[in-house]
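Asks: Let me give you the structure first, and then I'll get to my questions.
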Amino acid sequence: MNDTSQSFVKFEKIDKSYDGEVLVVKNLNLDIAKGEFVTMLGPSGSGKTTTLMMLAGFETPTNGEIFLDTKPISKIPPYEREIGMVFQNYALFPHMTVAENLSFPLEVRKISKPDIKEKVQKALDMVELGNFGTRFPAQLSGGQQQRVALARALVFEPRLVLMDEPLGALDKNLREQMQYEIKHIHDRIGITVVYVTHDQSEALTMSNRIAVFNDGVVQQLSTPDILYEKPENSFVAKFIGENNTLNGVVREVNGSSCTVELDGGFGMVKALKINVNEVGEKTQLSIRPERVSIDNSISDSNNFSGKIEELIYLGDHIRARLDVCGNNEFIVKVPNEGSFNHKEGDELKLSWNSEDVRALDL
Amino acid sequence: MSKFLKAFLFVSLVFAPFAASAVTVASWGGAYTESQQKAYADTYSDPGSIVFENYNGGLGEVRAQVESGNVTWDLVDVLPSDAITGCDEGLFEDISSEIASMGVPGPDGESIAEDMEANGLNYHSGWDCCVPQIFWTYVVFYDPDAFPGEKPDSMADFFDVEKFPGKRGIHTWADGIIQKALVADGVAPNAVPTVFANQTGAIDRAFEVMDKIKDHVVFWSAGSQPLELVKSGEVVMAVAYNGRVGAANLAEGENFEYIWEGQVLDQEYLCLTTGSPNREAALDFMMHASSPESQAEQAKYITYGPMRASGIPIIEANEPWGPGGVDIMPHMPNTPERLKVSIVNDPQWWSDNGAEISERYSAWMGN
Amino acid sequence: MEDCISTSALLTTDGVPLKQSLKKAERKNKLRAFLLVFPLLLFIIVTFVMPIGDMLFRSVDDSQINGVFPNTFNEYKKWDKEKDVLPPEEVYKALFEELAYGEKIQIGRALTRMNYSKSGWKSLIKTTSRQIKKAVKKDELPNNYKEFLISANEKWADPTFWYAMGQMVNNTTPIYYWNALDRTYDQDQNVVMQDEKRRIYIKTWIKTLKISVYVTIFCLILGFPVAHLLANLPLRYSNLLMIFVLLPFWTSLLVRTTAWIVMLQQNGVINGILVWLGILSDDGRLQLVYNETGTLIAMTQILLPFMILPLYSVMRVIPKSHMRAAQNLGAKPATAFWRVYLPQTIPGMSAGGLLVFVLAIGYFITPELVGGKDGKLIGHWIAYHLKTTLNWGLCAALGAILLGVMLIFYWLYNKIVGIDNIKLG
């Protein structure tokens, strides 16, 4: 899958600047395989939408080249790229009916009338809007409009579909439902999708791989599970999922692990050496809340205690905010097994495995 | 802001009583009204009681005011045909007895009517409701520099584009030009009104003469335009209001020449609106404005001639009468020798035939 | 269950029929709503409905003169034009009496009206009146009124004056409408074309419509790109551009006129540049002002903002993503513009077009100033008859036709584009 010679979409050394002073995308190298669902995830201003627009042809790379099916596409205008796109606010044409919206890409390709009719109907059926062809977009609900936009992006059988935060305008329930629908359509027709979002759960739900963007740079490109479990830097660790951090200085390096002395003299922590190199370097330790255990000692070296600041009952688990080693935002998720009977202000004993602590950059 | 408001309130309270009793005079605006202000209002015993308001001529607004009973104009400055219609329709009040008893006599005791007759005018019903103001004329003028050789000096020359090539500037309405056309065709200027009134086909004859220059005409519609046309060389000669030409010569240092022959003298009247809210004050001001002295005074500020014949000697005796020590008589349209070659417009004939001729003139112009 | 709802009346908890209770509850709201719009309603009635009604009434009304000469007209109707060249003695007598004893001001007004049907009525009656009054004063009533009047003024023997009287003997008349279309009555009250030399109104109507349509088209062609630019420029530039767009509003008519003339006259700036560039020869200077060209240029410039502003307000809310989406779907920029952008601006084009057209069709001061021989549009004639001839009947007829033309255009527009498709902002 990651074999670059086989890649369907290839970004090679892409830089992009609007004003000649600030780079919004820096040295982007990205390969996407055919049929893959790749999400570009990042906060706003991280360069993900710009990257998508360069792929669609609405922005020109300042440096580098984008290849689609091994051919450079920088010189190809957007209307010849054969790339479908779902826009942030759908960009449905308000003066055309749903069917006319869907016919539009087919008409400009001079496809015969009967074929158009058939393809439009098929696309509408695919998004379960078979009877809505004669309506105008304004007569549809947000979710229906979203599906029409999706159908329109797919109806002309593009080589690739881009989606720019397509679910941003929907409410939470609808958004989750649509995530599954898009995922299922992708699974069914096997088209290559490049998806842009700032919502990590959306990215985790749908993607084969996720490229985490920050500051114009891809921080990590990986499958969802690896991104969550093995973040390679502190930005990714913080951006994907919930994360507890402790700051310190590396005191000892031992192959793939290291020992870190916490700031404020709270003691030493054994951790995996991920994004630090030598003794004396400052580091940020990352521990997922569900990997911290309470009361019983599961490790010889990483035993600490914390004071309960806040308890939130969430049904299947109890979420505890603790003050641990000077960090009063330390979260622990306690499975609701019926045995937890502490109150706010109590001291808890904590421990974690050294394999679950990752020493990252600061 | 509130200070300003208070001051405004104070001022309006102080002046409100005066404003209510002020005599409102509707007039044409511009330099003409300015000359009225200086010659009539500023010399009046109570200058503050006279307020001028601009309008665009015609009786439409006067009729609307009188019909609705909401009269705000005490006096209206009108053309003679409007004076006649307005008086006939009762839009203006018949004050013939007041004019006879209160009118300021001339140096030899001439009444207003006698003075006007001495200027070649005949009675019409406008005289019952209105007092005279000025003679203004449609005069042809040119820039002598445009004619290095022989210079045009007659109506025949104006209508002869072979002898004097170049475009002519003419207004977009019929009055003035159709009379000139007859003069160009050999009718004596003084006889033109009677020819129009009594000879069938006189109008056709005038249009035939105008046909000769039609392709060489630039038509203007605002009084300032003929001056611009001649100045810029767009036309070599133009018909204009003589007051505009006089102003250009006196104030702007131009050197335009007049062709007095065939000038069309028209009249201007000040009439009392029926139901005027300040009738007595308005009457008093009318008499002041129509005195020979006021009329002569007006010539200082605009080169239109006094309609009362006894105004002319006052100017002649006091030359240089104009601003900055210039002689005014060379620009006066109604000197005795100029009157000999002039057409004195017949307003009664125009109020009979104006609408028909104006439609016909437009049809001619547009073809 | 459904039967239950439809057949038996529903009651409120207190036992009052639901409909009645609802009506009572809503009456207050309705009253309040009515009171809120009442001032506006009153305003519209006073300033719009009543004047238009008055105008339509005046366009056919001829009652004033019928009040002045009731007997004359009565007798006149008995005149057999086939048999007698001139009306019978009774007509002359009735006219004599009504002129002798009628109210001077009413007669004056009637004279103004009579002169519309034939030039010369005014002085004819006025000179005659004077003679009649003299005779009455001296108590010398004539034995033969016909002879008396003819001796007073020989025009009383001219049957054309008497034929013209036929136009005004009824309390209502369509003559003003016929006049407004270059038609008049012949001696037998048949509608005939006006004397060829006086036919101006049909030509003027056509000219007015033509110029209004041209101005609308030019405004659209010129305004569309400007509005597009305004809608898509960053705010600080678009504000500046907007000032330029609105500049004509803030310039006085005379300054504008002078500027156009300076620009457009034969020795003006534009001709000067064209000659300097060698595009025109020195004798081939174009006549750009004092004719129809000048009218079109001046009116287009002054009415341009009325096109740009509605277009701008519509274009501003068209998302930029639409053009991108269209291109993304495979449409070349021109196709995307034509099929996606342009149709969405139709509400703005309609609003602007209708505004410009309506304003243009009534324009008269500007065209007169720069239009020379072609500058008299229909508005000029309305103003002329309003102010100068006081022929308010013709005025009203011209106005009513103008209103009718507008309604026809409005109807056509509704048929073609649909009235919902209009958006001012």
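Asks: Which of the residues belonging to the stretch C:93-108 are under 15 Å from B:F92 (Cβ atoms) and either surrounded by fewer than 22 Cβ atoms within 10 Å (Cβ to Cβ) or out of contact with any helix residue (DSSP H, G or I) (no Cβ under 9 Å at 6 or more places or on another chain) (or both)? Walk me through how you get there before you give the answer.
Replies: Of all residues in the stretch C:93-108, those under 15 Å from B:F92 (Cβ atoms) come to C:104-105, C:108.
Result: C:K104, C:I105.
Asks: Every residue in the stretch A:303-362 that is free of Cβ contacts under 8 Å to residues at least 60 places away in the same chain, out of contact with any Cys (no Cβ under 8 Å at 6 or more places or on another chain) and of a type in the set (F, W, Y), please.
Replies: Of everything in the stretch A:303-362, those that are free of Cβ contacts under 8 Å to residues at least 60 places away in the same chain, out of contact with any Cys (no Cβ under 8 Å at 6 or more places or on another chain) and of a type in the set (F, W, Y) turn out to be A:Y313, A:F340.
Asks: Right, something else. Keeping to the stretch C:370-400, report how many residues are of a type outside the set (V, I, T), surrounded by 24 or more Cβ atoms within 10 Å (Cβ to Cβ), more than 10 Å from chain B (Cβ to nearest Cβ) and under 23 Å from B:G223 (Cα atoms).
Replies: Final tally of qualifying residues: 1.
Asks: Does at least one position in the stretch C:257-269 carry a residue that is touching a helix residue (DSSP H, G or I) at 6+ places or on another chain (Cβ under 8 Å) and either of a type in the set (K, R) or farther than 21 Å from B:V230 by Cα (or both)?
Replies: Scanning the stretch C:257-269 turns up no residue that is touching a helix residue (DSSP H, G or I) at 6+ places or on another chain (Cβ under 8 Å) and either of a type in the set (K, R) or farther than 21 Å from B:V230 by Cα (or both).
Asks: While we're looking at this one, here's another question. All but one of (1) within 19 Å of the chain's Cα centre (by Cα); (2) farther than 28 Å from C:G348 by Cβ; (3) not acidic (D, E) hold for A:I111, so report the exception by its number.
Replies: So the condition that A:I111 fails would be (1).
Asks: Looking at (1) of a type in the set (G, A, S); (2) over 20 Å from A:R109 (Cα atoms); (3) buried (at least 21 other Cβ atoms within 10 Å of the Cβ); (4) over 20 Å from the mean Cα position of the chain (by Cα), can you tell me which one A:S74 breaks?
Replies: (3)
Asks: So, in the stretch A:49-89, how many residues would count as being hydrophobic (A, V, I, L, M, F, W, C) and part of a loop (DSSP other than H, G, I, E, B)?
Replies: Total satisfying the criteria: 4.
Asks: If I filter the stretch C:345-357 down to residues being crowded, with 18+ Cβ neighbours inside 10 Å and within 11 Å of another protein chain (Cβ to nearest Cβ), which single residue comes out as farthest from the chain's Cα centre (by Cα)? Full working, then the answer.
Replies: Taking the stretch C:345-357 first, the residues crowded, with 18+ Cβ neighbours inside 10 Å are C:345, C:347-357.
Retained after the next criterion (residues that are within 11 Å of another protein chain (Cβ to nearest Cβ)): C:345, C:347.
Working: C:T345: 29, C:P347: 25 Å.
Looking at the filtered set, the residue picked out is C:T345.
Asks: Among the residues of the stretch C:156-212, which ones are part of a loop (DSSP other than H, G, I, E, B), among the β-branched types (V, I, T) and under 22 Å from C:E292 (Cβ atoms)?
Replies: Step one: of the stretch C:156-212, the residues part of a loop (DSSP other than H, G, I, E, B) are C:158, C:169-171, C:173-174, C:181-182, C:186-190, C:194-195, C:199-200.
From the residues that got through so far, the ones that are among the β-branched types (V, I, T) too are C:169, C:173, C:200.
Within the stretch C:156-212, C:I200 is the sole residue that qualifies.
Asks: Only one of these is of a type in the set (D, E) and without any contact (Cβ under 8 Å) to a residue 24 or more places away in the chain: A:E21, A:E12, A:E36, A:E82. Name it.
Replies: On the way: A:E12 fails: without any contact (Cβ under 8 Å) to a residue 24 or more places away in the chain; A:E36 fails: without any contact (Cβ under 8 Å) to a residue 24 or more places away in the chain; A:E82 fails: without any contact (Cβ under 8 Å) to a residue 24 or more places away in the chain.
Selected residue: A:E21, the only one of A:E21, A:E12, A:E36, A:E82 that is of a type in the set (D, E) and without any contact (Cβ under 8 Å) to a residue 24 or more places away in the chain.
Asks: While we're looking at this one, here's another question. Quick test for you: out of B:P333, B:P277, pick the one residue that is in a loop (DSSP other than H, G, I, E, B), over 30 Å from B:F159 (Cβ atoms) and not hydrophobic (A, V, I, L, M, F, W, C).
Replies: B:P277
Asks: Looking at the stretch C:222-277 only, could you name the residues that are part of a loop (DSSP other than H, G, I, E, B) and crowded, with 16+ Cβ neighbours inside 10 Å? Write out each step before concluding.
Replies: Step one: of the stretch C:222-277, the residues part of a loop (DSSP other than H, G, I, E, B) are C:233-234, C:251-252, C:265-268, C:277.
If the condition is that a residue be part of a loop (DSSP other than H, G, I, E, B) and crowded, with 16+ Cβ neighbours inside 10 Å, then C:Q265, C:Q266, C:G268 are the ones that fit.
Asks: Across the stretch C:171-180, what is the total count of residues that are within 13 Å of another protein chain (Cβ to nearest Cβ) and without any contact (Cβ under 8 Å) to a residue 24 or more places away in the chain?
Replies: Count: 0.
Asks: Can you tell me how many residues in the stretch C:109-136 are surrounded by fewer than 21 Cβ atoms within 10 Å (Cβ to Cβ), closer than 26 Å to C:Y384 by Cα and without any contact (Cβ under 8 Å) to a residue 12 or more places away in the chain?
Replies: 1
Asks: Picking from A:G143, A:G168, which residue would you name as being part of a helix (DSSP H, G or I), small (G, A, S), under 26 Å from the mean Cα position of the chain (by Cα) and at pLDDT below 95? Let's see the steps before the verdict.
Replies: Numbers: A:G168 fails: part of a helix (DSSP H, G or I).
On inspection, the qualifying residue turns out to be A:G143.
Asks: For C:P319, state whether it is without any contact (Cβ under 8 Å) to a residue 12 or more places away in the chain, within 14 Å of chain A (Cβ to nearest Cβ) and either among the hydrophobic types (A, V, I, L, M, F, W, C) or at negative phi (or both).
Replies: Working: without any contact (Cβ under 8 Å) to a residue 12 or more places away in the chain: yes; within 14 Å of chain A (Cβ to nearest Cβ): yes; either among the hydrophobic types (A, V, I, L, M, F, W, C) or at negative phi (or both): yes.
It is true that C:P319 is without any contact (Cβ under 8 Å) to a residue 12 or more places away in the chain, within 14 Å of chain A (Cβ to nearest Cβ) and either among the hydrophobic types (A, V, I, L, M, F, W, C) or at negative phi (or both).
Asks: Suppose we filter the stretch B:184-236 for residues that are among the hydrophobic types (A, V, I, L, M, F, W, C), within 21 Å of the chain's Cα centre (by Cα) and not in a helix (DSSP H, G or I); how many remain?
Replies: 3
Asks: Can you work out which of the residues in the stretch B:66-84 that are within 13 Å of another protein chain (Cβ to nearest Cβ) and of a type in the set (S, T, N, Q) is nearest to B:V131 (Cα to Cα)?
Replies: Within the stretch B:66-84, the match that is nearest to B:V131 (Cα to Cα) is B:S81.
Asks: Sticking with this one: Restricting to the stretch C:186-205, give me the number of residues that are of a type outside the set (A, V, I, L, M), away from chain B (no Cβ under 12 Å) and under 18 Å from C:L398 (Cα atoms). Give the steps one after another, and end with the answer.
Replies: Within the stretch C:186-205, the subset of a type outside the set (A, V, I, L, M) is C:186-190, C:194-199, C:201, C:203-205.
Still in the list and also away from chain B (no Cβ under 12 Å): C:186-190, C:205.
Adding the requirement that they be under 18 Å from C:L398 (Cα atoms) leaves C:205.
Adding up the residues that qualify gives 1.
Asks: Of everything in the stretch C:296-316, what is farther than 21 Å from C:T257 by Cα and within 14 Å of another protein chain (Cβ to nearest Cβ)? Give them in sequence order.
Replies: Hits for the stretch C:296-316 are C:V314, C:M315.
The values are calculated or read from the model by the stated rules, or taken from the named source; none is laboratory data. In this text the structure is predicted, and so the values were computed from the model without any measurement. Note that each Cβ is placed from the backbone with ideal geometry, even for glycine, and that neighbours are counted across all protein chains shown.
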